[in-house]
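Chemist: I have a structure here, written as structure tokens, and I will follow up with some questions on it.
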Amino acid sequence: MNDISLATHLSPLTAKEDTICALATAPGGALGIIRISGPEAFSAVSSICLVNCGSVAANTIHYTHIINSEGETIDDVMVSIFRAPHSYTAEDSVEISCHGSHYILNKVLDLLVQNGCRMACPGEFTMRAYLNGKMDLSQAEAVADLIASTNRATHQMAMSQLKGHFSSELKKLRDQLLQLTSLLELELDFSDHEDLEFADRSELLTLASRINARILQLANSFETSQALRYGIPVAIIGKTNVGKSTLLNRLLGDDRAIVSDIHGTTRDTIEDTIEINGIQFRFIDTAGLRQTSDEIEKIGIERTLQKIKDARVVIWMLDAPPSDEECDEMLNMIKGKERIIVHNKADLVDMNTFNPYIVPLLMMSAKKGIGIDRLKEHIYEAAQRLGLSGNEIIVTNARHYDALLRSHESIVRVIDGLHNNLSGDLLSEDLRITLDTLAEITGGQITPQDTLNNIFSHFCVGK
């Protein structure tokens, strides 16, 4: 009963003829929900309880008992009825709310299998929703992202995709590509009439360039999604003994990094994550920047320089006004980054001695916890300025990213062809490739079964 490998070999048409069942909630809770979907869903459930599911109204809930073949009561349950096409899968569906006992849930599933159901595969309910037109492929994949979301930003990204915002953007691109294709086909159809011109080549070039720019913008957002999913990298940098490790410990609320008055204590990068206003940040405590003859410390400093390159936000910690030379060197090192300059041990310095270009944004004491909340606000604001809030249309899926890159390559060939005045028939082929590649994302064309199996096999059973 629990062998689910069979469904990876089923064709969509064969699978749709089956009635499937699965536990839709995590085991171990007070309650468990069993989901049933397919042509025999009502009859299968009716055969094990005291409700005739086929004769009751849709979208209703009924209190009843699950009864085995000997007439014994297995559990008192609530049965929810959903009629096609108004269900998650667009099929007749039932959800049985049981007590969460492992024994009870398995007995109910056993009874359903005995009465014509089979156990569902991972993602099979959502695959049916896709095959039955309830959602496109990108929305179906968003279901898995929604389940896996761990903070507000990743939740917003998944919800945006599930609501079809990304799909709508792809539809706009498709419409523009079809417009471009139509104009080129008209050019081909009337190529013998030199006096007729349906589209100026410069207008076609402008339209193709606009399409390419949006495809690239969407593709580039994939890096943003990875930062939001795994934590926006924030490097804490500065000279030795300015309080970088103390700040990391204060931000994390834990003694994650060793703190010492000895210069060069931190010889490697230390990383950990915290959430600020629903966005996950990955803080990196780095080795202090200074000239040293210690070979191990040199390796730590080299790693610091690499982490600065990888970081999206840099916190530059000071405990004294830097020299003009130090300013130039550091500002050049963190060029293009969102930088937050903070002064630690603020009671020990005269602010009037600071270079006006690097006056600290924040005076704080990492040791005493003064200014930490304000620093978190600045970090969150830096993420907002970088567009790392999760509110925009962001590509979250590596499959989508790959398709966008391939679409970019084919539309670039169209742009090059327009520049070189290639004939419309040659341009049309690359336009078709662009359209087909974008269609792979939503499943707008026939999607190979192995692709569907790969996508949905990573879902939970019951989804």
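Chemist: So with the 1.4 Å probe, I'd like the accessible area per residue for the range 50-148, rounded to whole Å². Show your work: numbers first, answer last.
Modeler: On the way: 4190 Å² over 99 residues.
For the range 50-148, the solvent-accessible area averages 42 Å² per residue.
Chemist: Excluding residues fewer than 8 places away in the same chain, name every one of the lysines whose C-alpha is closer than 22 Å to that of K171.
Modeler: Once the sequence-local lysines are set aside, what remains near K171 is K134, K163.
Chemist: Which whole-Hz ³J(HN,Hα) couplings does the range 88-98 yield from phi under the Karplus relation 6.51 cos²θ - 1.76 cosθ + 1.60, θ = phi - 60°, glycine and proline marked x?
Modeler: Once rounded to whole Hz, the list reads 4, 8, 6, 10, 4, 9, 9, 10, 9, 9, 10.
Chemist: Pop out the carbon and sulfur fraction of the accessible area of the range 42-172 as a percent, whole number, probe 1.4 Å.
Modeler: Whole-percent figure for carbon plus sulfur exposure: 55.
Chemist: Label the range 27-80 by shape, choosing from rounded, prolate and oblate, from the square roots a ≥ b ≥ c of the eigenvalues of the Cα gyration tensor; if a/c is under 1.5 it is rounded, and otherwise prolate applies when a/b is larger than b/c, oblate when it is not. Each step should come with its number before you reach the end.
Modeler: On the way: a/c = 1.57, a/b = 1.17, b/c = 1.34.
Cα axes put the range 27-80 in the oblate bin.
Chemist: Shifting gears a bit: Mind ranking M364, M119, M78 by accessible surface for me, highest first, 1.4 Å probe?
Modeler: Details: M364 5, M119 25, M78 80 Å².
Ranked from most to least accessible, the order is M78, M119, M364.
Chemist: If you take the C-alpha gyration tensor of the range 98-181, multiply each eigenvalue by 5 and take the square root, what semi-axes do you get, largest first, in whole Å? Intermediate results must be reported in sequence, preceding the final value.
Modeler: On the way: eigenvalues 268, 69, 9 Å².
The equivalent ellipsoid of the range 98-181 has semi-axes of 37, 19, 7 Å.
Chemist: If DNA, RNA and ligands are ignored and the probe is 1.4 Å, what is the ranking of K367, K307, K134, K171 by accessible area, most exposed first?
Modeler: Working: K367 165, K307 50, K134 95, K171 120 Å².
Ranking K367, K307, K134, K171 by accessible area, largest first, yields K367, K171, K134, K307.
Chemist: Top to bottom by accessible area (1.4 Å), largest first, where do R128, R210 land?
Modeler: Details: R128 5, R210 130 Å².
From most exposed to least exposed: R210, R128.
The values are calculated or read from the model by the stated rules, or taken from the named source; none is laboratory data. Just so we're clear, the structure is a prediction, and the values are computed from it rather than from any experiment. Accessible surface areas use protein heavy atoms only, side chains included; no ligands, DNA or RNA. Shrake-Rupley method; radii C 1.70, N 1.55, O 1.52, S 1.80 Å.
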